[in-house]
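A short worksheet on the structure shown next.
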Amino acid sequence: MDQKNQDFEYDYIETLCKAIGSFTDGVEKIDKSAFVYRGANLKYALERAFYFLFLNNKNLNELFKKWKLDQLPKKTILNSQIEKELAILLCNKELPSNAIRVTEKTTIKDIGKYLMRKIFKILLFDKIIGFFIEFADCIYFKKEKKTRVIITLVHQKFVNYLKPITEALDSDYKYLSIYDRVNDFLSENRLPFVKIRTLSYRLKSFINQRKYLSDAGLTLQYDITYDILKILKPKTVLVIEGNAANNEIVNQVCKQLEIQTVCIQHGWSPIVHTGFRNMSYSKMLVWGKGFAKLLAPYNPKQKFVAVGSHILNHPTKDKKIDRQMTISFFLSAPSGLLTPKIWDEYFNLIIWTAKELNEHKIIVSDDPVQPLSEDKIKLLKQFHNLTIVSPSKQKLRDTLNSSDVTVLIMSTIILESIAADVLPLIFNITSLPNFSPNVNTCGAGIEVKNTANAQKILKKMAREDNFINSFSPAMKKFRQEFFSGWGESAVRKIIEEIQK
């Protein structure tokens with residue numbers, strides 16, 4: 001690839017993770033308690049917040065690309081001081097500090113906020129508010145029915161994922177979220193959740209500002225979570241996926257209150273980024289030992305337990321491919337490695353497949369977070385052999401069970417496809433060298449680097465009867481390492497670990 005047109009997303013992500021770690025380490029060298037709040041060290045929560053904040057940061061992405069091409073500008077403008085610090089680290093300190101101008105300025109509004117905080121502190125408003133919160137919460141949350149399990153949520157999409165587990169828990173659980181959109185969803189669907197009030201906490205957070213932590217909203221999250229869990233005293237708190245800043249906040253709160261935290265694997269990232277590093281939950285329940293092996297080097301303090309996937313069924317024996325194949329594509333919104341340009345190429349491959357392999361069935365699973373536009377839907381609907389499905393209406397396992405081949409860029413479904421005994425074709429036109437774990441090397445899938453090769457493989461699948469079936473032995477071996485159980489069996493193991 002011509003270097004001028006080269007994508008540096010993979011290098012950017014890896015370097016960003018290192019830069020964030022270097023930044024927080026540097027701050028701690030100056031002040032060991034810089035990230036300590038109410039006895040808990042929120043360093044790793046802050047690192048996660050920074051990672052997701054700056055992953056798609058246009059300024060840093062462009063600056064990093066120019067550095068890689070040896071085209072660093074003599075002068076550049078950035079939005080904040082932290083953006084400046086990370087820019088210097090991203091460019092290996094080859095960008096002089098005096099070459100960066102920060103547009104973040106102290107306004108009259110900022111001065112007003114500063115003076116208000118000083119006045120509030122002099123009048124002991126922070127102490128009064130703290131007392132009021134503690135008193136009010138004791139009355140408010142004592143009305144809440146005690147439950148052994150609290151499930152913390154950062155997004156409503158996890159509710160459907162957890163359904164087999166919550167059904168097995170019966171009524172012995174409640175959801176807890178600090179996000180209004182999640183609580184609105186829980187309320188609308190009449191699901192059990194802890195109702196929280198944040199106004200007094202926001203005022204407390206406004207008065208007690210902590211550099212970095214307060215700006216990222218972490219002190220506010222900690223205060224709410226700590227006070228609620230202290231009163232409710234659950235035996236176990238569930239965390240889903242484990243890579244969000246709020247997940248680590250919950251983890252640190254539970255350490256202080258001596259409550260067990262159980263993290264449940266939701267997906268997989270081919271890059272073990274900042275969100276999946278330095279985890280220390282009481283235990284993390286993974287689909288199989290293979291995932292534990294990949295995560296362990298980045299998480300020396302984390303205990304892993306292989307339980308299997310509760311959303312997938314054991315693949316049917318002796319699955320045979322009909323003359324008419326079913327090829328499934330799974331859309332994801334552009335982010336990180338998946339640039340808008342790469343998304344367009346993937347979409348064009350869908351159209352080519354529907355047109356060229358018109359005797360075969362095509363399924364397009366839409367993205368649940370960012371669905372297709374009306375124009376794109378209209379374009380796809382012109383093909384008689386193509387069906388668009390919504391993940392909210394059709395379960396993943398049902399889509400996989402009706403598929404013979406899946407075509408994906410970078411997705412957890414690559415692995416779930418192998419688990420369902422469906423051959424994945426990885427359309428890796430990103431800057432990532434290879435999908436990890438490398439299913440192509442072990443023969444459990446096919447990875448291609450350009451459109452021409454993807455089209456060639458798809459034609460071969462359509463023409464050669466035994467081509468797809470030839471991958472079955474390697475896929476079976478892969479499943480044994482990465483999936484320890486299925487469906488109800490996995491649910492039983494998960495419930496057992498939660499209740500221990």
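The values are calculated or read from the model by the stated rules, or taken from the named source; none is laboratory data. All figures in this text were calculated on a predicted structure; none of them were measured in a lab. Cβ: placed from backbone, ideal geometry, glycine included. Neighbour counts: every protein chain shown.
Just name the residue that is farthest from residue 262 (Cα to Cα) out of those in the range 175-191 that are crowded, with 19+ Cβ neighbours inside 10 Å and out of contact with any strand residue (DSSP E or B) (no Cβ under 6 Å at 6 or more places or on another chain).
Narrowing the range 175-191 to residues crowded, with 19+ Cβ neighbours inside 10 Å: 175-178, 182-183, 185-186.
Among the residues that remain, those that are also out of contact with any strand residue (DSSP E or B) (no Cβ under 6 Å at 6 or more places or on another chain) are: 177-178, 182-183, 185.
Details: 177: 16, 178: 19, 182: 20, 183: 21, 185: 23 Å.
Of everything passing the filter in the range 175-191, 185 is farthest from residue 262 (Cα to Cα).
Which residue pairs have Cβ atoms closer than 8 Å, lie 6 or more positions apart in sequence or on different chains, and pair a first residue in the range 374-397 that is in contact (Cβ under 8 Å) with a residue 12 or more places away in the chain with a second residue that is in a helix (DSSP H, G or I) and small (Gly, Ala, Ser)?
380/354; 383/354; 385/354; 386/354
Give the range 154-188 a look and list any residue that's within 18 Å of residue 229 (Cα to Cα) and either among the aliphatic types (A, V, I, L, M) or assigned to a helix (DSSP H, G or I) (or both), or say none.
Listed by number, the residues that qualify are 154, 176, 178, 183.
Quick one: in the range 385-423, which of the residues that are part of a strand (DSSP E or B) and within 20 Å of residue 372 (Cβ to Cβ) is farthest from the chain's Cα centre (by Cα)?
Filtering the range 385-423 for residues part of a strand (DSSP E or B) gives 386-389, 405-408, 423.
When the remaining residues are screened for being within 20 Å of residue 372 (Cβ to Cβ), the result is 386-389, 406-408.
Numbers: 386: 30, 387: 28, 388: 25, 389: 23, 406: 22, 407: 21, 408: 18 Å.
Filtering the range 385-423 for residues that are part of a strand (DSSP E or B) and within 20 Å of residue 372 (Cβ to Cβ), the one farthest from the chain's Cα centre (by Cα) comes out as 386.
In the range 1-30, which residue that is modelled with pLDDT of 95 or more and more than 23 Å from the chain's Cα centre (by Cα) is nearest to residue 269 (Cα to Cα)?
25
Could you grab me the full set of residues in the range 133-159 that are modelled with pLDDT of 90 or more and within 17 Å of residue 171 (Cα to Cα)?
148, 149, 150, 151, 152, 159
If we scan the range 261-280, do we find a residue that is over 21 Å from the mean Cα position of the chain (by Cα) and either surrounded by 23 or more Cβ atoms within 10 Å (Cβ to Cβ) or not aliphatic (A, V, I, L, M) (or both)? Walk me through it before giving the result.
Here is the first cut: in the range 261-280, the ones over 21 Å from the mean Cα position of the chain (by Cα) are none.
Looking for residues that are over 21 Å from the mean Cα position of the chain (by Cα) and either surrounded by 23 or more Cβ atoms within 10 Å (Cβ to Cβ) or not aliphatic (A, V, I, L, M) (or both), one finds none in the range 261-280, hence no.
In the range 461-470, what residues are more than 17 Å from residue 443 (Cβ to Cβ) and either in contact (Cβ under 8 Å) with a residue 24 or more places away in the chain or not in a helix (DSSP H, G or I) (or both)? Spell out how you get there, then give the answer.
We begin by selecting, within the range 461-470, every residue more than 17 Å from residue 443 (Cβ to Cβ); these are 462-463, 465.
Within the range 461-470, 462, 465 meet the criteria.
So is residue 375 within 20 Å of residue 420 (Cα to Cα) and either in the same structural domain as residue 422 (by TED's automatic domain parsing) or among the polar types (S, T, N, Q) (or both) or not?
Working: within 20 Å of residue 420 (Cα to Cα): no; either in the same structural domain as residue 422 (by TED's automatic domain parsing) or among the polar types (S, T, N, Q) (or both): yes.
For residue 375, the condition - within 20 Å of residue 420 (Cα to Cα) and either in the same structural domain as residue 422 (by TED's automatic domain parsing) or among the polar types (S, T, N, Q) (or both) - is not met.
Check residue 48 against each of (1) without any contact (Cβ under 8 Å) to a residue 40 or more places away in the chain; (2) among the basic types (Lys, Arg); (3) in contact with a helix residue (DSSP H, G or I) (Cβ under 7 Å, 6 or more places away or on another chain); (4) closer than 21 Å to residue 274 by Cα and name the one condition it does not meet.
Going through the list (1) without any contact (Cβ under 8 Å) to a residue 40 or more places away in the chain; (2) among the basic types (Lys, Arg); (3) in contact with a helix residue (DSSP H, G or I) (Cβ under 7 Å, 6 or more places away or on another chain); (4) closer than 21 Å to residue 274 by Cα, residue 48 breaks only (1).
Within the range 309-320, is even one residue surrounded by 14 or more Cβ atoms within 10 Å (Cβ to Cβ) and not in a loop (DSSP other than H, G, I, E, B)? So that I can check it myself, show each step before the final result.
Our first condition is that a residue be surrounded by 14 or more Cβ atoms within 10 Å (Cβ to Cβ); within the range 309-320, this holds for 309-315, 319.
Filter once more, keeping what is not in a loop (DSSP other than H, G, I, E, B): 309.
Yes, the range 309-320 has at least one match.
Return a yes/no flag: does the range 440-460 have any residue that is surrounded by fewer than 18 Cβ atoms within 10 Å (Cβ to Cβ), of a type in the set (Lys, Arg), touching a residue at least 40 places away in the same chain (Cβ under 8 Å) and not in a helix (DSSP H, G or I).
Checked the range 440-460: no residue is surrounded by fewer than 18 Cβ atoms within 10 Å (Cβ to Cβ), of a type in the set (Lys, Arg), touching a residue at least 40 places away in the same chain (Cβ under 8 Å) and not in a helix (DSSP H, G or I).
Within the range 457-485, can you find the residues that are charged (D, E, K, R) and over 17 Å from residue 416 (Cβ atoms)?
In the first step, residues of the range 457-485 are kept if they are charged (D, E, K, R); the result is 459-460, 463-465, 476-477, 479, 481.
Listed by number, the residues that qualify are 459, 460, 463, 464, 465.
Return the residue satisfying two criteria in turn: it lies in the range 467-494 and is over 23 Å from the mean Cα position of the chain (by Cα) and aliphatic (A, V, I, L, M), and of such residues it is surrounded by the most Cβ atoms within 10 Å (Cβ to Cβ).
475
Go through (1) without any contact (Cβ under 8 Å) to a residue 24 or more places away in the chain; (2) among the polar types (S, T, N, Q); (3) assigned to a helix (DSSP H, G or I) for residue 33 and report which single condition fails.
(3)
Tell me which residues, restricted to the range 476-489, are in a helix (DSSP H, G or I) and over 11 Å from residue 286 (Cβ atoms). Before you say what the answer is, go through the steps one by one.
Quick first cut of the range 476-489, residues in a helix (DSSP H, G or I) only: 476-482, 487-489.
476, 477, 478, 479, 480, 481, 487, 488, 489, listed by residue number.
Of the residues in the range 281-291, how many are in a helix (DSSP H, G or I) and buried (at least 21 other Cβ atoms within 10 Å of the Cβ)? Show your work before the answer.
First, pick out the residues of the range 281-291 that are in a helix (DSSP H, G or I): 289-291.
In the following step, the residues that additionally are buried (at least 21 other Cβ atoms within 10 Å of the Cβ) were identified as 291.
Residues meeting the conditions: 1.
Out of 451, 441, which single residue is within 28 Å of the chain's Cα centre (by Cα), among the polar types (S, T, N, Q) and farther than 23 Å from residue 291 by Cα? Steps first, answer last, please.
Details: 441 fails: farther than 23 Å from residue 291 by Cα.
Selected residue: 451, the only one of 451, 441 that is within 28 Å of the chain's Cα centre (by Cα), among the polar types (S, T, N, Q) and farther than 23 Å from residue 291 by Cα.
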